[in-house]
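Engineer: Here it is, the structure, as structure tokens.
The values are calculated or read from the model by the stated rules, or taken from the named source; none is laboratory data. This is a predicted model, so every value here is computed, not measured. We place every Cβ from the backbone using ideal geometry, glycine too, and count neighbours over all the protein chains shown.
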Amino acid sequence: MKPDVVFGLDNAEWPVLMVDPNGVIRNHSRGAAAVFGKIIEGSSVLLSSLWAMENDSSAVQFLSLLDISCRSYHQILFNVLGGRTESFATNVCQITVDGKKLFILQMFTSASGNATNPAEAKVQLAESAAQKQKLDCALQLTRTVALDFNNALTSILGHTSLLLGRMESDHPWRPSLLEVEKSAGKAAEIAADLAAFSRQERDARSQQAGNLNSVLTKTVELFQKSPGNKHRWTVNLEKRLYTVTFDEAKIQQAAMKVLENAVQAIPDDQTGHVHIQSRNLDLTGPTQDRNAQLAVGSYVCLEIADDGAGIAAENLNRIFEPFFTTKHGHRGLGLAWVYGIVTNHGGSVAVSSDSGHGTSVRIYLPAVRKVVREVLAQGSDLTGTQTILMVDDEDLMLTMGQTVLAAFGYQVLTANSGLKAVEILQNQRIKIDLVITDLVMPQMSGRDLIERIRQIRPGARIIYSSGYVRPNSEEEENYLQKPFTSQELLLKVKEILTAI
């Protein structure tokens with residue numbers, strides 16, 4: 001495909017992209033074609049198709065912020081040939097062609113260097129080694145903080161959610177406990193970011209296959225439990241939802257933005273209705289929903305609709321523009337951020353609205369026709385009589401787990417190390433139906449313990465838990481992310497014990 005805008009770097013051996021403010025790649029260098037492959041040869045190729053999900057902002061947001069502060073140097077992660085993610089030192093400059101603003105992105109790997117002689121190269125290498133040592137120390141400290149922070153938060157969330165579950169809806173202390181739970185949830189997001197930063201490898205969290213219903217359920221609960229909520233909520237979730245590979249934190253952020261818009265669209269003096277739905281979608285031919293173009297394949301569609309003020313027809317085509325907003329005091333990055341998150345997942349967003357009659361936002365994400373083990377619905381019977389062995393090196397975790405599980409009828413044994421857990425497991429007179437183990441423990445790690453469990457009690461059911469280490473793909477359905485609430489713990493225990 002011949003580029004529609006000519007520039008003087010066509011034959012550059014390093015990657016160079018010419019991008020318009022909408023994120024469309026208008027031209028590229030020979031080096032870019034070698035690094036990114038044929039994906040950039042088509043027409044109307046978006047920068048977001050090369051943009052790695054691990055970046056702090058989406059491609060759309062990055063370009064929009066250049067309007068305000070166009071720095072000349074950025075460290076950016078791009079998806080390159082072979083399915084790898086590579087970091088580039090990216091120089092950005094703004095040019096004008098035929099009266100139209102364009103951005104030139106020139107990318108250099110850290111191996112390129114700027115040294116012109118061996119002496120300079122040696123100095124740069126020494127400086128790089130010193131910087132790496134500092135970073136390694138920071139990563140180790142951050143990792144330790146994240147682990148301890150997650151354990152403390154899990155204890156707070158576990159006890160708080162247990163009390164909320166037993167407390168009458170009109171209890172005078174309930175609003176304060178809800179605030180504690182909300183604050184702990186916010187702190188949990190910070191802990192997750194710390195854990196992600198401290199990993200030496202790429203954040204595996206961004207590539208997990210799972211059930212989007214769980215994300216929707218948790219997100220909607222945050223709004224339903226918020227003080228002053230007066231709206232009517234309808235949640236219809238597909239019971240056998242297809243599997244989607246997604247970054248849970250990012251997708252939850254997108255859902256939060258859309259739900260915030262839905263709530264804010266309803267006038268303060270009215271009680272509105274917010275409808276949330278998930279469904280499977282199989283397309284045998286190309287399909288278009290408003291501005292969203294969907295190729296042949298399977299998708300999961302998340303739809304959030306409200307009966308609020310709606311969006312005026314003249315504004316509907318501008319809602320994804322960064323900084324466009326009709327709300328006083330807002331920056332307008334909400335839907336642009338949603339668009340960036342969804343497109344970085346290979347999906348699309350469609351919005352339909354009638355002024356005065358509400359708005360519907362539909363998020364389409366690519367899926368595979370494999371049904372993730374069905375998650376138990378809220379309100380299910382979470383009691384049980386089975387014997388559970390809980391293993392963690394933190395006494396806070398053991399106390400919380402024993403308190404919550406025992407309150408719902410389970411017999412609970414605890415071990416504060418893998419070695420003590422093995423001693424209990426080797427006693428065949430003790431019946432154990434389920435083991436819940438942390439993956440990060442001194443002396444004997446959780447993974448080592450799991451191997452011993454499979455040797456000693458091959459049929460034992462296991463739940464893996466951590467706020468730092470991510471599970472293997474085959475372990476995902478048995479994984480419980482720290483920090484978790486008492487409800488999440490009980491749901492996971494019930495799910496594993498009742499699985500066929």
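Engineer: Pick from segment 480-500 the residues that are at pLDDT below 85 and crowded, with 18+ Cβ neighbours inside 10 Å: which of them is farthest from LEU163 (Cα to Cα)?
Structural biologist: GLN481
Engineer: Determine which single condition LEU405 fails, assuming it passes every other condition in (1) buried (at least 17 other Cβ atoms within 10 Å of the Cβ); (2) modelled with pLDDT under 90.
Structural biologist: Every listed condition holds for LEU405 apart from (2).
Engineer: Among (1) crowded, with 19+ Cβ neighbours inside 10 Å; (2) at pLDDT below 90; (3) over 14 Å from VAL361 (Cα atoms), where does ALA262 come up short?
Structural biologist: Condition not satisfied by ALA262: (3).
Engineer: Can you tell me how many residues in segment 10-45 are of a type outside the set (D, E, K, R) and outside any loop (DSSP other than H, G, I, E, B)? It would help to see each step written out before you state the result.
Structural biologist: Restricting attention to segment 10-45, the residues satisfying the condition of being of a type outside the set (D, E, K, R) are 11-12, 14-19, 21-25, 27-29, 31-37, 39-40, 42-45.
This time we only want the ones that are outside any loop (DSSP other than H, G, I, E, B), so: 16-19, 24-25, 27-28, 31-37, 39-40.
Result for segment 10-45: 17.
Engineer: Separate question: Out of the residues in segment 335-368 that are crowded, with 23+ Cβ neighbours inside 10 Å and part of a loop (DSSP other than H, G, I, E, B), which is farthest from the chain's Cα centre (by Cα)?
Structural biologist: ALA367
Engineer: While we're looking at this one, here's another question. Take the residues in segment 296-317 that are assigned to a loop (DSSP other than H, G, I, E, B) and modelled with pLDDT under 90, then tell me which one is surrounded by the most Cβ atoms within 10 Å (Cβ to Cβ). So that I can check it myself, show each step before the final result.
Structural biologist: Start the filter on segment 296-317 by keeping residues that are assigned to a loop (DSSP other than H, G, I, E, B), which leaves 296, 307-312, 317.
Within this subset, residues satisfying the condition of being modelled with pLDDT under 90 are 307-312, 317.
On the way: ASP307: 19, GLY308: 23, ALA309: 19, GLY310: 19, ILE311: 20, ALA312: 12, ASN317: 11.
Step by step, filter segment 296-317, then rank; the result is GLY308.
Engineer: Within segment 385-442, which residues are within 31 Å of the chain's Cα centre (by Cα), acidic (Asp, Glu) and closer than 16 Å to LYS492 by Cα?
Structural biologist: Once the filter is applied, which keeps residues that are within 31 Å of the chain's Cα centre (by Cα), acidic (Asp, Glu) and closer than 16 Å to LYS492 by Cα, segment 385-442 yields only ASP438.
Engineer: Further question: Any idea how many residues of segment 464-479 are crowded, with 20+ Cβ neighbours inside 10 Å and either of a type in the set (Gly, Ala, Ser) or at pLDDT 85 or above (or both)?
Structural biologist: Selection size over segment 464-479: 4.
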